[in-house]
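Step one of this worksheet: look at the structure below.
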There are 2 protein chains.
Amino acid sequence: MNIEGIRVLDATLRDGGLVNDFFFGDEFVRALYKANIDAGVDYMEFGYRASRKQFDPKSFGKWKFTSDEDILKVIGEKDPRMKISVMVDVGRTDFKEDIGPKKNSPVDLFRVATYIDTIPEAIEMIGHINSMGYETTCNIMAVSRCTDEQIANALYALAATPVSAVYIVDSYGALYPKQTRKLTRLYHKILSPVGKDTGMHAHNNQQCAFANTLEAKDTGAKWLDVTAFGMGRGAGNCHSEALIAYLNGKRYHVEPLLKLVTDWMLPMKESGIVWGYNTSYMLTGLTNQHPRTAIAATKNNDTQYTEQLKFLSYQ
Amino acid sequence: MNIEGIRVLDATLRDGGLVNDFFFGDEFVRALYKANIDAGVDYMEFGYRASRKQFDPKSFGKWKFTSDEDILKVIGEKDPRMKISVMVDVGRTDFKEDIGPKKNSPVDLFRVATYIDTIPEAIEMIGHINSMGYETTCNIMAVSRCTDEQIANALYALAATPVSAVYIVDSYGALYPKQTRKLTRLYHKILSPVGKDTGMHAHNNQQCAFANTLEAKDTGAKWLDVTAFGMGRGAGNCHSEALIAYLNGKRYHVEPLLKLVTDWMLPMKESGIVWGYNTSYMLTGLTNQHPRTAIAATKNNDTQYTEQLKFLSYQ
């Protein structure tokens, strides 16, 4: 199996943070950090660096506002085998104040998340962050709602920036394998001539997160997002233990992640934190919509799926 | 979307019967029958016609031994909009005694399930059943363990029989989308010149059942197996509501199946009948093995996945 250039990125604290308001205990974060290193995971994302002016720090755990100190306090000395990323959302971060020089920071990579209509703002952020000495990627959310022309324009604009990679972010879990291949080819065609990679961030609304990640990989994507036991918004993500098991061999080792599922992820689920596939998520994925109505339905134990579909069909 | 020649077959009573020993109440069977008809499902499988000499009828519900009378008693008059199938396993059915002339039988199709090494016996059964006036398919189980040469030999032999279709049966949930496409092309190449179709029966061990079914369809498969809410052995199958939602339009309608999930499948799960993805099934799929160890682990709440992988790796 060709794994040259593959970068597996664990986004558990970030996407998983969306289902527990980023309240992860330090002991869990250390266990996740160690498991990812032992598994050969290439990057681990320590949540967001969101604006403390826009979001009340009392309402969220620290990994919504991740500072360099937060990271170092939990991991102690940084292990050189795995890089560290933090996500920043366009319009939701005070990047000029909160992202200083790379010198002494444990963060290697900032991932800039944007919708298609704020690409210019994303490019401004990428420029600043890169000038501070960090690696960057651009994560285009909700691509399933964009036209090929919109995407191509965004990719051509990003091709002229210092980003290492641009991600297909299937925020709505709407993509099927065939569409994933088509999108990956479009990204790859524009990005590879300028030495940039394509990334895949999948959601499991239609139980295609793992399959789509494999298809993206086989069509040229190099950056592959996963989360432990699929923990993430709504239906969750591509399971890290599934992808690492698939890639298992010289560089990747699944055992530490299996142990993490046993010791931490199952107890977390049993404690009442909710994520993963259900029929409500299938319907928002099917109709290519934000999962918010399915999240509400799941929270309310609303299983009136025919009514949910009717509502979604009128959106 | 091209749905010409597509035949969706609901196998809930058959594959689902493997997780409740075929103890389905008549009211559920009627609800499933009606939902499938309203959804546009093409065939519904009423369990197995297994040998009463080999299996104790006291230990199983009637859908393990399905007689014409069992079917008619539950459905009343047969609705011409949907055909009816029954599965027979090579070596586990008294087909000469138990399958009589089609005249007056509500069964349209017998599906002959076989492993690769009993194809001659399967062909003998197909001959008998066809001579009685029924349509037949051949379902080659555990194809993920067969070589291309074995499969090609089986397909050439089956090409000379009256079967309507030959199925890729991913009994171990081991296939990835790429392999599914490769296998479908192999089947299609040998079967289509003699006017026979390819079928896909997927298992969800690695969360690829739906994705693999779509990939098989797009590569030429026409017969697509589903079960309500994925009910089936181990990790279960391709969810009927997911596939029908995907195909939704003129011929197929998802609403009746969504209502079935709400009214019947969720309560059935809550009653303690167990099926669906977990990490144990992922590991048997990954290592391309029968799910029996994962079924036992699931029953025993054994979540020691590193130990399970170690065991599977020595098999």
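What follows is calculated from the coordinates using simple rules that are stated; it is not laboratory data. Model, not experiment: these values are computed from the prediction. Note: ideal-geometry Cβ built from the backbone for every residue, glycine included; neighbour counts use all protein chains shown.
Taking the Cα centre of chain B as the origin and placing charges on Cβ (Lys, Arg +1; Asp, Glu -1), which of B:Leu258, B:Val74, B:Leu175 is farthest toward the positive end of the dipole?
B:Leu175
Neighbouring Cβ atoms within 10 Å as the yardstick, rank B:Tyr305, B:Tyr314, B:Tyr246 fewest first. Display every interim value, and only then the final one.
On the way: B:Tyr305 25, B:Tyr314 6, B:Tyr246 19.
Ranking B:Tyr305, B:Tyr314, B:Tyr246 by Cβ neighbours within 10 Å, fewest first, gives B:Tyr314, B:Tyr246, B:Tyr305.
Using alpha-carbon pairs under 8 Å, 6+ residues apart, how would you state the relative contact order of chain B in percent? The partial results should precede the final answer.
Numbers: 620 pairs, mean separation 54.0, N = 315.
Contact order relative to length: 17 percent.
Spin-label point model (7 Å from Cα, Cβ direction): what's the B:Asn104 to A:Val194 distance in nm?
Going from the B:Asn104 label point to the A:Val194 one covers 7.7 nm.
Counting other C-beta atoms within 10 Å, which of A:Arg81, B:Arg233, B:Arg181 has the fewest, and how do the rest follow?
Starting with the residue having the fewest Cβ neighbours, the order is A:Arg81, B:Arg181, B:Arg233.
Which one, B:Ile273, B:Ile244, B:Gly232, is farthest towards the positive end of the dipole of region B:232-281 when Lys and Arg carry +1 and Asp and Glu -1 on their Cβ?
Result: B:Ile244, furthest along the dipole toward the positive end.
Determine the dipole magnitude for chain B: charges of +1 sit on the beta-carbon of Lys and Arg, -1 on that of Asp and Glu, nothing else is charged, the reference point is the Cα centre, and the result goes in debye to the nearest 20.
With only Lys, Arg, Asp and Glu charged at Cβ, the dipole is about 300 debye.
Over chain B, with a single point scatterer placed on each C-alpha, what log10 of the ratio I(q)/I(0) does the Debye formula yield at q = 0.08, 0.13 1/Å?
So the normalised log intensities are -0.32, -0.92.
Using a Förster distance of 56 Å, how high is the FRET efficiency between B:Arg52 and A:Lys96, based on the Cβ-Cβ distance and rounded to 0.05?
Using R0 = 56 Å, I get an efficiency of 0.10.
Students often forget the sequence filter, so: which aspartates and glutamates lie under 16 Å Cα-Cα from B:Lys58 once same-chain residues fewer than 8 apart are removed?
B:Lys58 reaches B:Asp21, B:Asp70.
So if we plug the beta-carbon distance of B:Lys310 and B:Ala152 into 1/(1 + (r/R0)^6) with R0 = 51 Å, what FRET efficiency do we get, rounded to 0.05?
So, using R0 = 51 Å, E works out to roughly 0.90.
What are the distances, in nm and sorted shortest first, from the label point of B:Ala296 to the label points of the same position in each other copy, with each label point placed 7 Å from Cα along the Cα-to-Cβ direction?
4.8
Projected onto the charge dipole of the protein assembly as shown (+1 at Lys/Arg Cβ, -1 at Asp/Glu Cβ, origin at the Cα centre), which of B:Ile116, A:Gln207, B:Leu286 gives the Cα projection farthest towards the positive end?
Working it through, the farthest residue towards the positive pole turns out to be B:Ile116.
Could you tell me whether region A:208-315 comes out rounded, prolate or oblate from its Cα gyration tensor? Rule is a ≥ b ≥ c as square roots of the eigenvalues, rounded for a/c under 1.5, then prolate if a/b exceeds b/c, otherwise oblate.
Cα axes put region A:208-315 in the oblate bin.
Can you list, shortest first and in nm, the gaps between the label point of A:Lys269 and those of its counterparts in the other copies, using a point 7 Å from Cα in the C-beta direction?
Shortest to longest, the spacings are 1.1 nm.
Run the label-point distances for B:Ile37 please: 7 Å along Cα to Cβ, every other copy, nanometres, shortest first.
6.4
Please work out which residue of chain B brings its Cβ closest to the axis of the rotation superposing B onto A, and round that distance to whole Å.
B:Ala211, 2
If I take every Cα pair under 8 Å that is 6 or more residues apart in region B:173-247, average their sequence separation and divide by the length, what percent do I get for the relative contact order?
On the way: 115 pairs, mean separation 23.3, N = 75.
Averaging sequence separation for qualifying contacts and normalising by length gives 31 percent for region B:173-247.
Charges at C-beta only: +1 for Lys and Arg, -1 for Asp and Glu. How large is the resulting dipole of region B:164-315 about its Cα centre, in Debye rounded to 20?
Using Cβ point charges on Lys, Arg, Asp and Glu, region B:164-315 gives about 540 debye.
Mind scanning B:Lys34/B:Lys103; A:Lys217/B:Lys196; A:Lys259/A:Lys299 and naming the pairs with a C-alpha gap bigger than 26 Å?
Going by Cα-Cα distance, A:Lys217/B:Lys196; A:Lys259/A:Lys299 fall outside the 26 Å limit.
Based on Cβ point charges of +1 for Lys and Arg and -1 for Asp and Glu, what charge dipole magnitude is obtained for the protein assembly as shown about its Cα centre, in debye rounded to the nearest 20?
For the protein assembly as shown, the charge dipole is close to 560 debye.
Hey, with R₀ at 45 Å, roughly what FRET efficiency would A:Ile3 and B:His128 work out to, going by the Cβ-Cβ distance, to 0.05?
Step by step, r from the Cβ atoms, then E = 0.35.
Counting other C-beta atoms within 10 Å, which of B:Leu175, B:Leu260, B:Leu312 has the fewest, and how do the rest follow?
B:Leu312, B:Leu260, B:Leu175
Under a Cβ-Cβ cut-off of 12 Å, what is the net charge of the residues other than B:Asn212 that fall near it, where Lys and Arg count +1 and Asp and Glu count -1?
Details: positive: B:Lys178, B:Arg181, B:Lys182, B:Lys217; negative: A:Glu215, B:Asp170, B:Glu215, B:Asp218, B:Asp225.
Computed value for this residue: -1.
Is the protein assembly as shown best put as rounded, prolate or oblate by its Cα gyration tensor, with a ≥ b ≥ c the root eigenvalues, rounded for a/c under 1.5, and otherwise prolate when a/b is larger than b/c, oblate when not?
Prolate shape, in that a/c is at least 1.5 and a/b is the bigger ratio.
Would you mind calculating the relative contact order of region A:101-158 from Cα pairs under 8 angstrom and at least 6 residues apart, reporting the percent as a whole number?
40 percent
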